[in-house]
Amino acid sequence: MGEQSSGNAKKAAKAVKKGAPSKAAPATGSTRAKAAGKAASRTASQVVREAAAKPPRNESRTALVRRARRINRELAEVYPYAHPELDFDNPFQLLVATVLSAQTTDLRVNQTTPALFAKYPTPEDLAAANPEEVEEILRPCGFFRAKTRSVIGLSKALVEEFGGEVPGRLEDLVKLPGVGRKTAFVVLGNAFGRPGITVDTHFQRLVRRWQWTDATDPDKIEAAVGSLFPKSDWTDLSHHVIWHGRRICHARKPACGACPIAPLCPAYGEGETDPEKARKLLKYEKGGFPGQRLKPPQSYLDAGGKPAPPLGAA
Ligand code: SF4
């Protein structure tokens, strides 16, 4: 995908330079190309960056829906193996791991939860735990006191109100301590197979870059993006967007020059456009490094029993 990625990015840059709007590039219209032509005093890369970063003008709702769905289809090809990157064996473990993942990486959580679940395998065990001992285990995850309160509190609520089982309904999940809609949708989507949109920090950043919505409130983002896709796409869409944010479309330095959806992105040029330099910014398996899961389930292993792409080299 790397070669194709850089090819697409080059095509997008070329289209802007020539003033020839790409069919798949709503951000690169002729108005912007003319403006780029007049900007003789600026460098070529500045012109490309400024021109491509302007929003698509007058994009109709239909065009937006088409572009959004096309981005999701392209990302499905780039990350056919996208899945939750937290290790878990059951809904309780996924719920706890998701609460712990706030403000830290899934890898850090995956390194921490084996000790937690070995000592406290059930909600009953964690509900009865000594908080100081749990804090010691959770210390590497950051905010360990608050996270300890949440996981013990939610375990108590599971025991007292749900018979020790994780409920499979949004309205029940969000009543648990430390559980918001984002966490609830991760659990519903990945432990219960119920469609949900996970609006985390990556999701918020990317959908704004793609101008799917200009909302900043997570609930409004969820509603706006949800309206662009059939419900059945929501869970996989969330994985695709989050994986793209973690690997290519970073917060500070998006690797635009190695981005397979550059021709569809109004924010192309916000990051590094040079293909060689952009490739060096890629993370996890796209950069030839390990992924975040330490214990992938069998379904994420290839036919030979080796880790599928998320854990292997690119
Ligand atoms: S890396 Fe992000 S900002 Fe850059 S082209 Fe790709 S999706 Fe757009």
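Only the coordinates and a few stated rules stand behind these numbers; no lab work does. Everything numeric in this text was worked out from a predicted model, so none of it was measured. Glycine gets a Cβ as well: all are built from the backbone with ideal geometry, and neighbour counts include every protein chain shown.
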Which value, in debye to the nearest 20, gives the size of the charge dipole of the range 91-191 about its Cα centre, when Lys and Arg are +1 and Asp and Glu are -1 at the Cβ?
400
Among the listed pairs 253/280; 182/231; 119/182; 182/220, give every one whose C-alpha distance is greater than 18 Å.
119/182
Tally Lys/Arg at +1 and Asp/Glu at -1 over every other residue whose Cβ is under 12 Å from the Cβ of residue 156; what's the total?
-3
Using a 10 Å cut-off on Cβ atoms, rank the peptides 163-170, 176-183 from the highest mean neighbour count down.
176-183, 163-170
So how much slack lies between residue 252 and residue 115, counting 0.36 nm per residue of separation and subtracting their Cα-Cα distance, in nm?
46.0 nm
Checked the range 91-191 with the C-alpha gyration tensor, a ≥ b ≥ c its square-rooted eigenvalues, rounded below a/c of 1.5, otherwise prolate if a/b is larger than b/c and oblate if not; verdict oblate
Taking 0.36 nm per intervening residue step and subtracting the Cα-Cα distance, what contour gain separates residue 289 from residue 130 on full extension?
53.5 nm
Taking 0.36 nm per residue of sequence separation and subtracting the Cα-Cα distance, how much length would be gained by fully extending the chain between residue 172 and residue 149, in nm to one decimal?
6.4 nm
How much FRET efficiency would the formula 1/(1 + (r/R0)^6) give for residue 105 and residue 280, where r is the Cβ-Cβ distance and R0 is 25 Å, rounded to 0.05?
0.80
Post the alpha-carbon centroid distance, the range 144-169 to the range 170-231, in whole angstrom.
21
Does the range 211-290 come out rounded, prolate or oblate by the C-alpha gyration tensor, with a ≥ b ≥ c the root eigenvalues, rounded set by a/c under 1.5 and, if not, prolate when a/b is larger than b/c and oblate if not?
prolate
